[in-house]
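Please read the structure below before turning to the comments.
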Amino acid sequence: MRTAVVILNWNNLDYLRRFVPGVLASLAPEDKLYVADSGSEDGSLNYLSGTHPEVGIIPLGKNYGFAEGYDRALSTIKDSEYYLLLNSDIEVGEGWLEPLVKWMESHPRCGVCGPKLHALNRAEDGGWQRADRFEYAGAAGGWLDHYGFPYCRGRVLQSVEPDYGQYDTPAKVFWITGACLMVRSKVWNELGGLDGEFFAHMEEIDFCWRAQLAGFEVWTVPQSVVWHIGGGTLAPASPLKLKLNYRNSMWMLRKNLPATIGPRKARCRIASRKIIDFGTQVAYLLQGKLSYVKAVSRARKEARARKIVPTDGKAPVALTKVRIIAAWAFKGKKVFEYLRKYESSN
């Protein structure tokens with residue numbers, strides 16, 4: 001088998017009905033679609049077995065989260081050259097997979113790659129409409145700033161760019177969103193998959209970071225485009241999502257920053273990041289967002305409690321010198337132009 005496309009599903013029957021037929025129609029004979037089900041109770045498995053028997057079903061029994069769910073699912077697929085992690089709320093177009101496969105075949109040092117993500121908006125008739133702007137989760141590939149805050153080519157904080165071809169050249173990036181991520185199976189197995197303790201959020205950035213420390217490259221391949229709804233499992237304003245982001249970000253830094261910039265610098269950088277996180281917690285308190293304050297407190301407590309084994313660094317990894325929060329605050333809508341100039345000069 002060439003590519004195993006794997007959708008991790010948890011009670012998303014409506015998305016399966018809407019998007020699985022398009023995925024199946026887009027695959028070549030040497031590719032196969034799998035749905036790993038996290039104990040859904042909405043009839044997802046009955047629908048798939050009755051309507052799409054060609055789909056491989058991986059019953060996980062319960063919800064292990066995104067990270068461990070994919071770890072368990074992909075461990076059952078032994079004969080695929082590539083894995084393609086695909087969210088259930090993504091619409092694909094004809095020919096979306098071929099550019100990713102061809103890029104892998106022609107770039108042996110590339111361990112991870114992904115497409116451009118465009119937004120999929122609710123249409124007036126109740127269906128979904130493709131947009132010409134980027135989608136929050138991954139846009140045109142991601143980076144980490146000086147303090148470890150993620151941002152994307154085409155998305156900074158809550159600001160999202162329209163796509164007018166500014167990112168149409170394949171580019172080496174720091175991370176690819178787990179919403180649609182292709183990885184060589186040998187790289188996945190060598191790195192041990194995703195960090196299951198993350199549960200959800202930041203696990204794909206951690207994986208891409210570890211892949212680079214192991215000597216592999218991460219690329220965005222804009223000749224492939226998919227459309228993503230986003231927020232299908234956790235709402236953007238969810239305190240749980242906030243907790244996972246704060247906690248997992250700190251775990252990711254503690255794991256990978258020492259091998260990237262050295263243990264001493266890493267300790268100083270992480271200390272600075274903790275001060276910034278505390279500052280945002282104070283800001284939530286002043287805004288009266290008590291559920292957010294509690295979420296950050298839980299995140300900081302859980303981040304401290306976990307014993308971290310630092311990643312070994314076999315290859316140099318470059319972080320940007322961008323301070324993304326300050327850049328967004330001072331440059332406003334011109335922040336994307338600033339980031340493109342920064343990227344082209346580094």
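Read-outs: derived from the displayed coordinates by stated rules, not from any lab. It should be emphasised that the depicted structure is a prediction, and the values quoted were computed from it without experimental measurement. Note that each Cβ is placed from the backbone with ideal geometry, even for glycine, and that neighbours are counted across all protein chains shown.
Some values worked out for this structure:
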| quantity | calculated |
| --- | --- |
| Share of pairwise Cα separations in region 17-105, more than 24 Å, in percent | 19 percent |
| Diffusion constant of region 49-94 at 25 °C, which comes from Stokes-Einstein with the Kirkwood Cα-pair radius and 0.890 mPa s, µm²/s | 194 µm²/s |
| Read-out mean projected area of the Cα convex hull in nm², derived from the coordinates shown; its label in [x] 31.1; [y] 25.1; [z] 17.5 | [z] |
| Tail fraction, Cα-Cα pairs, region 54-133, threshold 20 Å, whole percent | 52 percent |
| GNM flexibility winner over the chain from A139, A318, A214 (Cα, springs under 10 Å) | A318 |
| Shape category assigned to region 251-302 from the gyration tensor of Cα positions, a/c cut at 1.5 | prolate |
| Added length on full extension, which subtracts the Cα-Cα distance from 0.36 nm per residue, L240 to S106 | 44.2 nm |
| Residue order, fewest to most surrounding Cβ atoms within 10 angstrom, among H118, H146 | H146, H118 |
| Tensor-based shape of region 36-191 (alpha-carbon gyration tensor, a/c under 1.5 rounded, otherwise prolate or oblate) | oblate |
| Between region 248-280 and region 311-346, the Cα center-to-center distance that results, in Å | 17 Å |
| Among the listed pairs K301/K321; K172/K255; K32/K255, those beyond 31 Å (Cα-Cα) | K32/K255 |
| Percent of beta bridges antiparallel (DSSP, region 1-128, rounded to nearest 5) | 5 percent |
| Rg to Rh quotient for region 140-254, alpha carbon positions, Kirkwood Rh | 0.94 |
| Charge sum, other residues only, whose C-beta stays under 14 Å from G43's C-beta, Lys/Arg counted +1 and Asp/Glu -1 | -3 |
| Computed [θ] at 222 nm, deg cm²/dmol, the chain (DSSP H ≥ 4; -39,500 (n - 2.57); rounded to nearest 500) | -13000 deg cm²/dmol |
| Antiparallel DSSP beta bridges within the chain, as percent of all bridges there, nearest 5 | 50 percent |
| FRET efficiency, 1/(1 + (r/R0)^6) with R0 30 Å, evaluated for A28 and Y342 via beta carbons | 0.20 |
| Potential extension, Q129-L290 segment - 0.36 nm per residue separation minus Cα distance | 54.4 nm |
| Surrounding net charge for F134, when Lys and Arg each add one and Asp and Glu each subtract one, Cβ distance under 11 Å | 0 |
| Region 165-234 and region 109-127: distance between their alpha carbon centers, rounded to Å | 14 Å |
| Summed residue charge, Cβ within 14 Å of N11's Cβ, Lys/Arg positive, Asp/Glu negative | -3 |
| Longest exposed-site-free window of the chain, the sites being GluC sites (Glu not before Pro) in a DSSP loop that have at most 12 other C-beta atoms within 10 Å | 125-346 |
